[in-house]
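Structure, as structure tokens:
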Amino acid sequence: MRIISGKYKGRRITPPGNLPVRPTTDMSKEALFNILNNHFNFSELRVLDLFAGTGNISYEFASRGAEPIISVDGDFGCVSFIKKTAKEFDFDITPIKSDVFKFLEKNKASYDIIFADPPYGMEQKDFEKIITLIFENELLEEDGMMVIEHSKHTKLNHMENFSFDRNYGGSVFTFFEFEGSEEETIDEEGDDDEFDS
């Protein structure tokens, strides 16, 4: 995998082959960050990366100036690799080994962007639980954005605070925000041709 943009643009990161992960493809990652770039100045954004895996998404945020970044994963190997890579690149990333649901129930901090990439085979109710916990526990800033990556077989557009979604091959990014202005909604609808594949 490679870092798409920012200070370390073009740098490749090679995780161990034995990690239980399904990294976001570079093409999908680039499309995701093109969308986020229209909404945010990444400098000093507080980011929460859930089911962080190799840290792929965390590194992209860090390269673009986001800090601090919290990366949560339940696998010891993933957390160790993120810690090693963050130290190598001097990224402000704190990896935490935890069950994501337990972390969301106990965490008291809030974030500008929350990204979650659960296993695609996770049950629908558990995807919905992530969204519910984040908004009920007020973990997202009012002008922030939550993004969940999932397969096309999982549907999340019925959930409260749904904003829009984008399809890339077999992957879908679903975006959630607190209710915004009509102008913002119109802008998003106008982006369909540019981002849908």
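Computed values, structure above
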read-out	value
Helical segments meeting 15 Å axial Cα length and Kyte-Doolittle -1.0 threshold in the chain (DSSP H)	26-37, 76-89, 124-136
Cβ-placed point charges (K, R +1; D, E -1), dipole of the chain about Cα centre in debye, nearest 20	1620 debye
Entries in K9/K87; K87/K108; K7/K29 that, when Cα-Cα distance is taken, lie over 20 Å	K87/K108
Net +/- balance of residues flanking E88 in space, Cβ distance below 13 Å, scoring K and R +1, D and E -1	+4
Note, ³J(HN,Hα) from phi for segment 157-174, Karplus 6.51, -1.76, 1.60, rounded to Hz, x at Gly and Pro	6, 8, 6, 4, 6, 4, 10, 6, 9, 9, 9, 9, x, x, 10, 10, 9, 10
Ratio of Rg to Rh over segment 81-167 (Cα coordinates, Kirkwood Rh, two decimals)	0.98
Per-peptide average of other Cβ atoms within 10 Å, ordering 159-171, 139-151 highest first	139-151, 159-171
Centre separation in Å (Cα based) which lies between segment 82-114 and segment 41-70	9 Å
Values of log10 I(q)/I(0), in the order q = 0.17 Å⁻¹, for segment 1-154 under a Debye, Cα-only, solvent-free model	-0.98
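We did not get these values from a lab; they are worked out from the coordinates using the rules stated. Since we're looking at a predicted model, the values are computed, not measured. As a convention, Cβ positions derive from the backbone with ideal geometry for all residues, glycine included, and neighbour counts pool all protein chains shown.
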